[in-house]
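Below is one structure, written out as structure tokens; the observations come after it.
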Amino acid sequence: MKRIGAHSDLLAAGLVVLVVVMMIVPLPPVILDLAITLNISVALAVVVATLYLPRPLDFSSFPSLLLLTTLFRLAINVSVTRLVLLHGDAGHVVEAFGTFVVGGNVVVGLVIFMVLVVIQMVVVTAGAGRVAEVGARFTLDAMPGKQMAIDADLNAGQITEDQARERRSDISREADFYGAMDGASKFVKGDAIAAILITMINLVGGIVVGVAMHHEPIGTAVQHYSLLTVGDGLAAQIPALLISVATGIIVTRAISDKDLGADIAHQITAQRKAPMVAGAVICMFALVPGLPKIPFVIIGGGFFLIGRSLAKTADAEAADETATALLHAQSALAPPANPRDQALDALSLDALELSIGFGLVPLVDGGGTSGSLPARVGAVRRQIAGEVGTIIPSVRIHDDVLIGSHDYVMKVRGTEVARGALLAGHQLALDPGDAIGQLDGVPTTEPAFGLPAVWIADARRPEAEALGYTVVDGESVIVTHLTETIRRHVAELLTRQDVRALLDRLKEVNAAVVEEVVPDLLSVGELQRVLQALLREGVSIRDLGAVVEAAGDRARITRDPDLLAEYARQALGRTILAPYLDAEHRLRAIALDPAMEQEVSESIAQTSDGEYLAMDPARAHALVQSLHDEVEQATARGRRPVLICSSRVRRHLRRLVEQALPQLSVCAYNEISPGISVETIGVVNA
């Protein structure tokens with residue numbers, strides 16, 4: 001195998017050279033026998049290989065292989081024609097097909113040959129070509145929706161970057177494969193037409209050569225050359241039909257984790273009533289006068305017995321499942337060992353809690369479409385922890401009889417913060433903006449981002465994806481909603497114990513900064529409030545060392561956590577602005593009119609509890625409305641702007657606009673690092 005793999009790059013080139021040689025150089029009958037046998041063997045091997053494919057992409061080289069086998073078969077036809085016309089002999093294989101296979105009868109041979117051609121052209125090739133054409137069109141139409149689904153899974157933490165890259169590559173390969181199959185199916189159709197023409201040419205040419213050049217009697221020439229022609233046609237048409245069947249199998253295969261035989265057996269035997277009904281009907285045919293009774297009774301009885309055995313197997317499996325479910329129910333209803341432990345458990349408070357209705361319990365038991373819900377929630381925790389740099393507590397998932405069967409509730413420290421509901425037997429379809437048609441369903445709103453969506457039946461998912469919709473299952477809806485809920489409340493989840501754990505981890509690599517700042521300059525509680533201020537605005541604290549250093553440098557001047565967070569933002573400026581920069585390191589920003597910024601600055605009041613914005617409500621509303629209009633205009637042009645202002649008013653503006661524009665990032669001028677150019681795309685003037 002290693003030797004074959006080492007020289008596999010020469011196989012295709014060698015085959016092409018062999019085809020050219022066969023068309024030019026006369027081959028002896030022995031070599032031609034080997035070539036015909038090899039042609040039949042390769043065709044049979046290709047058919048068997050397609051039967052064991054779990055998905056068509058695993059044989060992505062099939063279109064090229066189809067062309068090479070077609071060329072090889074045509075080269076054999078040319079060589080056989082040359083030998084037949086020159087010597088009246090084309091080897092033992094062709095002679096055997098002309099004499100033994102059809103009994104030496106020219107008419108029978110021609111009829112069988114034409115039947116094979118009709119089967120290949122009218123049935124197999126026409127159907128495979130149509131399937132390949134439709135598959136190519138629908139694959140190309142569904143590409144945007146599949147790309148959106150991959151991005152949604154990646155954002156929800158269901159897959160990694162490498163998995164997303166691999167899935168995008170599979171989508172591209174799938175489109176290329178079906179496009180190539182659409183064109184390659186024309187080779188098979190052309191091969192069938194060429195077989196008819198070559199057979200006619202051989203038949204007429206052989207008779208002319210036998211009578212005019214070899215001076216044979218007309219009857220002898222017709223008999224001899226007709227048998228050779230029929231033998232050549234059959235020897236070439238059988239592997240051609242096999243390749244056509246392989247083409248039909250590979251373009252009609254759906255993606256599965258089993259081979260074709262296992263798929264068919266599993267899906268047919270799952271319908272245990274089908275063989276019983278078929279067997280009963282076939283047995284009734286034996287009662288019809290004039291029909292033979294023995295074949296119908298044997299076959300009908302066999303089908304009926306198969307159906308009975310399948311029914312017994314299914315009943316046994318159902319009994320086992322029922323017994324297992326009863327055991328689980330008994331263990332769940334078992335009384336607690338100690339009533340005091342139950343009372344203590346009632347006093348505990350979970351940082352994150354997901355309550356689900358009874359109808360969603362299968363998601364927790366591993367019955368989800370993409371894996372069990374707890375595993376995906378764990379992946380979400382790891383993803384968010386890697387993004388924001390803090391510890392995400394475990395999510396307690398439990399059922400709640402007080403909510404709807406398909407409802408779910410998310411709680412932070414025992415308080416409900418989000419709620420949603422799924423529709424049983426349906427999936428959520430979202431229009432990414434470029435859908436090519438309308439999709440009927442139950443209108444709803446996507447819970448995580450508030451986007452309009454529709455619930456569609458599970459069976460309509462291929463139709464929705466073909467129209468360009470992004471379709472997600474119910475489990476993914478819950479996971480995405482939970483992800484955004486955690487992101488919005490991540491600041492509330494950061495405890496002093498978490499800060500202590502983060503500092504201990506930082507101390508392992510940067511002990512100097514931790515020992516200098518904590519606890520001499522800042523306590524753990526004060527540093528916690530600084531980190532919460534950053535997390536509240538979506539700023540990652542992965543670079544904890546830079547945050548502690550910046551806060552420690554200013555701690556001798558002020559211990560106000562809000563001011564210390566502003567200084568930390570300056571140290572993290574490049575990290576904060578990175579998501580908003582284009583390829584040319586250019587920041588598209590909305591700026592405040594100088595007079596407006598001066599008005600905001602003069603409205604800041606200083607109290608013993610800190611600063612707050614005491615702006616006239618009418619003016620504040622006008623400012624927010626003007627900013628909202630600017631953001632909408634920028635978003636309509638496909639841009640993701642930020643609001644830039646002076647550090648004096650930055651945090652006050654953020655608090656003013658966070659209710660109306662929660663996704664808008666407000667940055668200060670001194671957070672813009674050198675090398676970043678700023679393009680002002682709007683000016684807010686109230």
When you scan region 195-211, do you find a residue that is open to solvent by 10 Å² or more (accessible area, probe 1.4 Å), under 19 Å from residue 42 (Cβ atoms) and either modelled with pLDDT of 70 or more or not in a helix (DSSP H, G or I) (or both), even just one? yes
Within region 515-538, can you find the residues that are among the aliphatic types (A, V, I, L, M) and open to solvent by 10 Å² or more (accessible area, probe 1.4 Å)? 518, 521, 524, 533
Of all residues in region 391-408 being β-branched (Val, Ile, Thr) and open to solvent by less than 50 Å² (accessible area, probe 1.4 Å), which is nearest to residue 378 (Cα to Cα)? 395
Hits in region 659-686 (condition: outside any strand (DSSP E or B) and open to solvent by less than 70 Å² (accessible area, probe 1.4 Å)): 660, 661, 664, 665, 671, 672, 673, 676, 686
For region 482-492, state whether one or more residues are open to solvent by less than 10 Å² (accessible area, probe 1.4 Å), at pLDDT below 90, assigned to a helix (DSSP H, G or I) and not charged (D, E, K, R). no
Looking at (1) touching a Gly at 6+ places or on another chain (Cβ under 7 Å); (2) surrounded by fewer than 17 Cβ atoms within 10 Å (Cβ to Cβ), which is the one condition that is false for residue 506? (2)
If you go through region 491-502 one residue at a time, do you hit one that is among the aliphatic types (A, V, I, L, M) and over 37 Å from the mean Cα position of the chain (by Cα)? yes
Of the residues in region 521-537, those that are touching a residue at least 60 places away in the same chain (Cβ under 8 Å) and either part of a loop (DSSP other than H, G, I, E, B) or in contact with a strand residue (DSSP E or B) (Cβ under 8 Å, 6 or more places away or on another chain) (or both) come to 537
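The values are calculated or read from the model by the stated rules, or taken from the named source; none is laboratory data. What you are looking at is a predicted structure, and each value in this text was computed from that prediction instead of being measured. Virtual Cβ from ideal backbone geometry, glycine too; neighbours counted across all protein chains shown. Just so you know, the surface numbers come from the protein's heavy atoms only, side chains and all, with ligands and any DNA or RNA stripped out. Shrake-Rupley method; radii C 1.70, N 1.55, O 1.52, S 1.80 Å.
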